[in-house]
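Report on the structure given below.
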Amino acid sequence: MAPSSDLLILLLLFVVFSTTLTSSFPYYPPIPSLNPIDSCWRYDPLWSSHRQSLANCPRGFGATAIGGKYGPIYTVTDPSDNPLNPTPGTLRYAAIQNNPLWIIFSRDMSIKLKNELIINSYKTIDGRGVKVDIGNGGPCITIQDVSHVIVHGITIHGCTKGKAGIVRSSPTHAGHRQGSDGDAVTIWSSTDVWIDHCNLSSCFDGLVDVTHGSTRVTISNNLFADHDKVMLFGHVDGFAPDKAMKVTVAFNRFSVDLIQRMPRVRTGYAHVANNRYDGWEMYAIGGSSNPTILSEGNYYVAPNNRDAKEVTKREEGNWKNWKWRSTKDLFLNGAYFVPSGWGSCTPVYSSSQQFYVATGSMVPLLTANAGVLSCSMAKPCV
Ligand SMILES: *[C@@H]1O[C@H](CO)[C@@H](O)[C@H](O)[C@H]1NC(C)=O
């Protein structure tokens with residue numbers, strides 16, 4: 001046999017063998033196309049038996065959020081709601097407990113709450129494997145004076161203001177509430193919070209508001225649509241506790257019919273990295289009261305309106321010294337970022353918070369699965 005046909009057979013064998021190899025191990029595709037938060041768990045075919053490993057995956061300032069990692073799994077079986085005396089089996093019953101819980105759902109569920117859902121510390125709401133939506137013309141989620149909350153894989157839409165009245169926040173405490181703002185998620189005076197892979201749209205006030213000295217928050221992989229004031233970070237101008245606020249906004253898709261605040265920041269610090277912006281009506285990133293903002297590796301597509309091409313908006317006059325910087329961003333359809341200030345505003349991340357931020361042109365790939373994923377049991381969620 002001529003050496004060249006040997007080579008041919010070898011080559012053929014290699015092709016056959018490598019095809020078999022890849023088809024019997026489809027879980028490790030050769031191209032690492034997932035972003036660093038997703039690649040931490042989505043290749044695992046046994047994700048539904050390893051649910052709590054998700055808590056190893058957040059990056060950015062909320063990387064320390066462990067949610068209900070060290071608690072039992074609690075399965076919600078009942079979509080009904082009672083704000084004062086929640087029934088076992090309901091989402092509220094699980095959310096108010098004092099011990100850590102990893103909360104999952106027995107089936108697809110549409111939940112209309114009768115008042116705001118007050119979440120206690122060390123909780124994860126994990127909608128993977130089923131379709132769960134909250135809102136539907138009722139109030140939504142309040143994360144207040146607590147730490148370690150993870151919300152993953154649910155749709156939150158159509159949220160309205162809460163009613164003044166008594167709402168339970170723990171097995172031993174029910175307090176008078178003035179009525180929530182009508183946000184999808186309110187994060188108030190809380191730390192170590194991670195909101196990941198949710199569909200967020202059409203609420204009365206904000207979609208995710210981070211205020212009153214909250215910090216160590218990551219908002220990642222969400223799909224935002226159809227809303228006016230998308231995200232507010234910082235309570236009111238000059239509110240001192242918000243100076244320590246640090247929020248990471250990464251791998252989100254800001255999709256259709258959004259108007260402003262993606263985010264709007266006051267006094268604190270926001271790292272806005274590898275997000276996709278499919279236009280906006282007024283602006284994308286805004287602020288007041290001397291916030292610091294690093295826009296890194298985002299994909300900005302400006303709207304067609306010639307008067308709304310600017311990504312940035314300052315809500316007050318004296319901003320020349322505010323540190324607002326853009327690096328590795330991609331600007332399309334005439335989008336432009338007006339930088340200000342001087343000195344570095346690179347985030348000071350620990351090694352567990354650190355993540356690789358790609359250049360803006362990679363973002364359509366990295367955000368291709370933003371929003372609620374549809375994961376099948378016993379298969380990798382890719
Ligand atoms: C999330 O939103 C996208 C875009 O509107 C939609 O295609 C998808 O079906 C939604 N997913 C769920 C689970 O609601």
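The values are calculated or read from the model by the stated rules, or taken from the named source; none is laboratory data. Because the structure is predicted, anything quoted here is derived from the model rather than measured. Methodologically, a virtual Cβ is constructed for each residue, glycine included, from the backbone with ideal geometry; neighbour enumeration extends over all protein chains shown.
Name, by its number, the condition in (1) more than 16 Å from the ligand (Cβ to nearest atom); (2) buried (at least 24 other Cβ atoms within 10 Å of the Cβ) that does not hold for Leu294.
Only one criterion in (1) more than 16 Å from the ligand (Cβ to nearest atom); (2) buried (at least 24 other Cβ atoms within 10 Å of the Cβ) is unmet by Leu294, namely (2).
Can you report the number of residues in the range 228-243 which are buried (at least 24 other Cβ atoms within 10 Å of the Cβ) and more than 16 Å from the chain's Cα centre (by Cα)?
Number satisfying all stated conditions: 2.
Quick one: what pairs do we get from the range 41-59, first residue of a type in the set (Asp, Glu), second crowded, with 16+ Cβ neighbours inside 10 Å and in a loop (DSSP other than H, G, I, E, B), C-beta under 9 Å, 6+ apart or different chains?
The qualifying pairs are Asp44/Pro380; Asp44/Cys381.
State all residues of the range 49-73 that are hydroxyl-bearing (Ser, Thr, Tyr) and over 22 Å from the mean Cα position of the chain (by Cα); if no residue qualifies, say none.
Scanning the range 49-73 gives a single hit, Ser49.
Looking at the range 361-369, is at least one residue modelled with pLDDT of 95 or more, crowded, with 19+ Cβ neighbours inside 10 Å, away from the ligand (no atom under 16 Å from the Cβ) and within 20 Å of the chain's Cα centre (by Cα)?
The answer is yes, given that some residue of the range 361-369 is modelled with pLDDT of 95 or more, crowded, with 19+ Cβ neighbours inside 10 Å, away from the ligand (no atom under 16 Å from the Cβ) and within 20 Å of the chain's Cα centre (by Cα).
Just to verify a result, which residue in the range 250-265, among those that are within 13 Å of Ser201 (Cβ to Cβ) and β-branched (Val, Ile, Thr), is farthest from the ligand (Cβ to nearest atom)?
Restricting to residues being within 13 Å of Ser201 (Cβ to Cβ) and β-branched (Val, Ile, Thr), the top hit is Ile259.
Going through Asn98, Asn120 one at a time, which residue ends up being surrounded by fewer than 21 Cβ atoms within 10 Å (Cβ to Cβ), part of a loop (DSSP other than H, G, I, E, B), more than 16 Å from the ligand (Cβ to nearest atom) and at pLDDT 95 or above?
Result: Asn98 is the single residue among Asn98, Asn120 that is surrounded by fewer than 21 Cβ atoms within 10 Å (Cβ to Cβ), part of a loop (DSSP other than H, G, I, E, B), more than 16 Å from the ligand (Cβ to nearest atom) and at pLDDT 95 or above.
Could you tell me whether Arg276 is over 18 Å from Gly206 (Cβ atoms) and within 16 Å of the ligand (Cβ to nearest atom)?
yes
Please name all residue pairs, on different chains or six or more residues apart, with Cβ atoms under 6 Å, provided the first residue is in the range 296-312 and is closer than 19 Å to Arg325 by Cα and the second residue is of a type in the set (Val, Ile, Thr) and buried (at least 18 other Cβ atoms within 10 Å of the Cβ).
Glu296/Val357; Gly297/Val357; Tyr299/Val363; Tyr300/Val311; Val311/Ile285; Thr312/Ile285
Can you list residue pairs whose Cβ atoms sit under 7 Å apart, with the first residue in the range 85-112 being under 20 Å from Gln52 (Cα atoms) and the second being exposed (fewer than 14 other Cβ atoms within 10 Å of the Cβ) and acidic (Asp, Glu)? Count only pairs 6 or more apart in sequence or on different chains.
Going by the 7 Å Cβ cut-off, there are no qualifying pairs.
Going through the range 146-204 one residue at a time, which ones are within 15 Å of the ligand (Cβ to nearest atom), assigned to a loop (DSSP other than H, G, I, E, B) and surrounded by fewer than 24 Cβ atoms within 10 Å (Cβ to Cβ)?
Those that are within 15 Å of the ligand (Cβ to nearest atom), assigned to a loop (DSSP other than H, G, I, E, B) and surrounded by fewer than 24 Cβ atoms within 10 Å (Cβ to Cβ): Gly158, Ser202.
Go through the range 129-145 and report how many residues are more than 26 Å from Tyr70 (Cβ to Cβ), surrounded by fewer than 17 Cβ atoms within 10 Å (Cβ to Cβ) and away from the ligand (no atom under 15 Å from the Cβ).
1
Here's the yes/no breakdown for (1) within 16 Å of the ligand (Cβ to nearest atom); (2) surrounded by 18 or more Cβ atoms within 10 Å (Cβ to Cβ); (3) touching a residue at least 40 places away in the same chain (Cβ under 8 Å); (4) assigned to a helix (DSSP H, G or I):
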{"position": "Glu316", "(1), (2), (3), (4)": "no, no, yes, no"}
{"position": "Gly334", "(1), (2), (3), (4)": "no, no, no, no"}
{"position": "Val338", "(1), (2), (3), (4)": "no, no, no, no"}
{"position": "Thr346", "(1), (2), (3), (4)": "no, no, yes, no"}
{"position": "Gly371", "(1), (2), (3), (4)": "yes, yes, yes, no"}
{"position": "Cys375", "(1), (2), (3), (4)": "yes, yes, yes, no"}
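Tell me yes or no: at least one residue of the range 81-89 is closer than 30 Å to Lys246 by Cβ, surrounded by fewer than 23 Cβ atoms within 10 Å (Cβ to Cβ) and in contact with a strand residue (DSSP E or B) (Cβ under 6 Å, 6 or more places away or on another chain).
no
Give the number of residues within the range 205-214 that are buried (at least 24 other Cβ atoms within 10 Å of the Cβ) and either among the polar types (S, T, N, Q) or in contact with a His (Cβ under 6 Å, 6 or more places away or on another chain) (or both).
Of the residues in the range 205-214, 3 are buried (at least 24 other Cβ atoms within 10 Å of the Cβ) and either among the polar types (S, T, N, Q) or in contact with a His (Cβ under 6 Å, 6 or more places away or on another chain) (or both).
Would you check which residues across the range 205-227 are away from the ligand (no atom under 16 Å from the Cβ) and of a type outside the set (Val, Ile, Thr) and list them?
Asp205, Gly206, Asp209, His212, Gly213, Ser214, Arg216
Only one of these is of a type in the set (A, V, I, L, M), more than 16 Å from the ligand (Cβ to nearest atom) and farther than 30 Å from Ile125 by Cα: Ala270, Ala308. Name it. Break it down stepwise before answering.
On the way: Ala270 fails: farther than 30 Å from Ile125 by Cα.
The unique qualifying residue is Ala308.
So, of the residues in the range 215-269 that are of a type in the set (A, V, I, L, M, F, W, C), closer than 19 Å to Leu294 by Cβ and assigned to a loop (DSSP other than H, G, I, E, B), which turns out to be modelled with the lowest pLDDT?
Top of the filtered list is Val230.
If I filter the range 279-291 down to residues being in contact with a Lys or Arg (Cβ under 8 Å, 6 or more places away or on another chain) and among the hydrophobic types (A, V, I, L, M, F, W, C), which single residue comes out as surrounded by the most Cβ atoms within 10 Å (Cβ to Cβ)?
Among residues in the range 279-291 that are in contact with a Lys or Arg (Cβ under 8 Å, 6 or more places away or on another chain) and among the hydrophobic types (A, V, I, L, M, F, W, C), the one surrounded by the most Cβ atoms within 10 Å (Cβ to Cβ) is Ile285.
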